[in-house]
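Report on the following structure.
The values are calculated or read from the model by the stated rules, or taken from the named source; none is laboratory data. Everything quoted here is computed from the prediction, not taken from an experiment. All Cβ positions, glycine included, derive from the backbone under ideal geometry; neighbour counts span all protein chains shown.
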Amino acid sequence: MIVWHQGALRPVEATRIDPTDRGLALADGLFETMKARDGRILRLERHWLRLAEGAKLLGIPLPLDETGLAAAARELLLANGFARGEAALRLTLTRGPAPRGLLPPERPTPTVLLTAFPLPEAPPPARAVLVKSVRRNEHSPTSRIKSLAYLDQILALREAIAAGGDEALLCNTAGRLACASAANLFLVVDGRIWTPAPSEGALPGVTRAVLLERARARGLLVVEAELPRHLLARAQEAFTTNALSGLRPIASVDGFAFPEPCPGPITRRLAELLEAE
């Protein structure tokens, strides 16, 4: 396996991350998971803008620009045999090595790591569990960026699997629906498409944004709002979105199936809109 690290391609076994790197020590950094096709990143501009906004919030300088990321991705995909077809990419950005302590250095030297791997197979419809042990903190600025700190999502997914599911749904601190473990959440209620607003703790997902734009352009009724938990009982369909799996239907929540067959008619239509690149 070849990785792109600090501006150069390297064998993974020859790649060294400094033990004092703040990404390793404090989760002080960001990441982007992206889908590639025939050597290029899909929706590159949207991923780049989200990365840049997150880096600005954290005060981490970006060592490369959008063009540089596209070039690095091409080199990496070619080196790993993914120049044709589809693959997955992960970009990790940390503040870099620094002395111990919470305060970051005045002049950080960021670490940038880009990895490529086969695109995972599309998962089956989700058996979701509304978890109780973890809440999404909608008041935290980090709820709106792709922070390296994913322990809440890990704990939530473990709870869901222990309960017999394979996906976790998280509420925010107010008890309203926020998101899935690593995806945005959508409900279809009486012909309308509902999704939690970013102010509710939902990450502004790239695939989420594309779906909202395309649905509205075709006259579908889309609502970004506060979603109380009891709305799940009124939903006819539900699904999640993220960059790698695209749109994933939800078959059931806490063992209760939705009224429409899975995937339902609106879910199928939206999946077709997303696939139309």
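Odds and ends about this structure:
- Any hit, the stretch 190-200, residues being at pLDDT 95 or above, of a type outside the set (D, E, K, R) and farther than 20 Å from Ser140 by Cβ: yes
- Candidate set from the stretch 165-192 (those that are among the charged types (D, E, K, R) and over 21 Å from Ala122 (Cα atoms)); member that is surrounded by the fewest Cβ atoms within 10 Å (Cβ to Cβ): Asp190
- The stretch 240-259, residues that are in contact (Cβ under 8 Å) with a residue 60 or more places away in the chain, on the phi < 0 side of the Ramachandran plot and not basic (Lys, Arg): Thr240, Asn242, Ala243, Leu244, Ser245, Pro249, Ile250, Ala251, Ser252, Val253
- Answer from Leu113, Leu69 - the residue that is surrounded by 17 or more Cβ atoms within 10 Å (Cβ to Cβ), modelled with pLDDT of 95 or more and assigned to a helix (DSSP H, G or I): Leu69
- Any hit, the stretch 156-164, residues being surrounded by 24 or more Cβ atoms within 10 Å (Cβ to Cβ), without any contact (Cβ under 8 Å) to a residue 40 or more places away in the chain and within 26 Å of Pro265 (Cα to Cα): no
- The lone criterion from (1) modelled with pLDDT of 95 or more; (2) surrounded by fewer than 20 Cβ atoms within 10 Å (Cβ to Cβ); (3) not small (Gly, Ala, Ser) left unmet by Glu121 is number (1).
- Residue check for Arg218: modelled with pLDDT of 95 or more and either of a type outside the set (Phe, Trp, Tyr) or under 23 Å from Ser133 (Cα atoms) (or both): no
- Among the residues listed as Leu91, Leu103, the single one being under 18 Å from Trp4 (Cα atoms) and either over 18 Å from the mean Cα position of the chain (by Cα) or buried (at least 18 other Cβ atoms within 10 Å of the Cβ) (or both): Leu91
- When Arg208 is tested against (1) surrounded by fewer than 19 Cβ atoms within 10 Å (Cβ to Cβ); (2) under 15 Å from Leu247 (Cα atoms), just one condition goes unmet, and that condition is (1).
- Residue match in the stretch 84-96 (condition: within 16 Å of Val206 (Cβ to Cβ), among the basic types (Lys, Arg), at pLDDT 95 or above and in a strand (DSSP E or B)): yes
- Subset tally (residues that are farther than 22 Å from Glu226 by Cβ and in a helix (DSSP H, G or I)) for the stretch 155-198: 7
Table: residues versus (1) hydroxyl-bearing (Ser, Thr, Tyr); (2) closer than 19 Å to Ala243 by Cβ.
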| residue | (1), (2) |
| --- | --- |
| Glu121 | no, yes |
| Ala126 | no, yes |
| Val129 | no, no |
| Lys132 | no, no |
| Glu138 | no, no |
| Ser143 | yes, yes |
| Lys146 | no, yes |
| Leu157 | no, yes |
| Ala160 | no, no |
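- Residue list for the stretch 9-63, restricted to those being closer than 15 Å to Ala98 by Cα and of a type in the set (A, V, I, L, M, F, W, C): Ile17, Leu24, Ala25, Leu26, Ala27, Ile60
- Restricting Thr267, Thr207 to residues that are assigned to a helix (DSSP H, G or I) and in contact with a Pro (Cβ under 7 Å, 6 or more places away or on another chain) narrows the list to Thr267.
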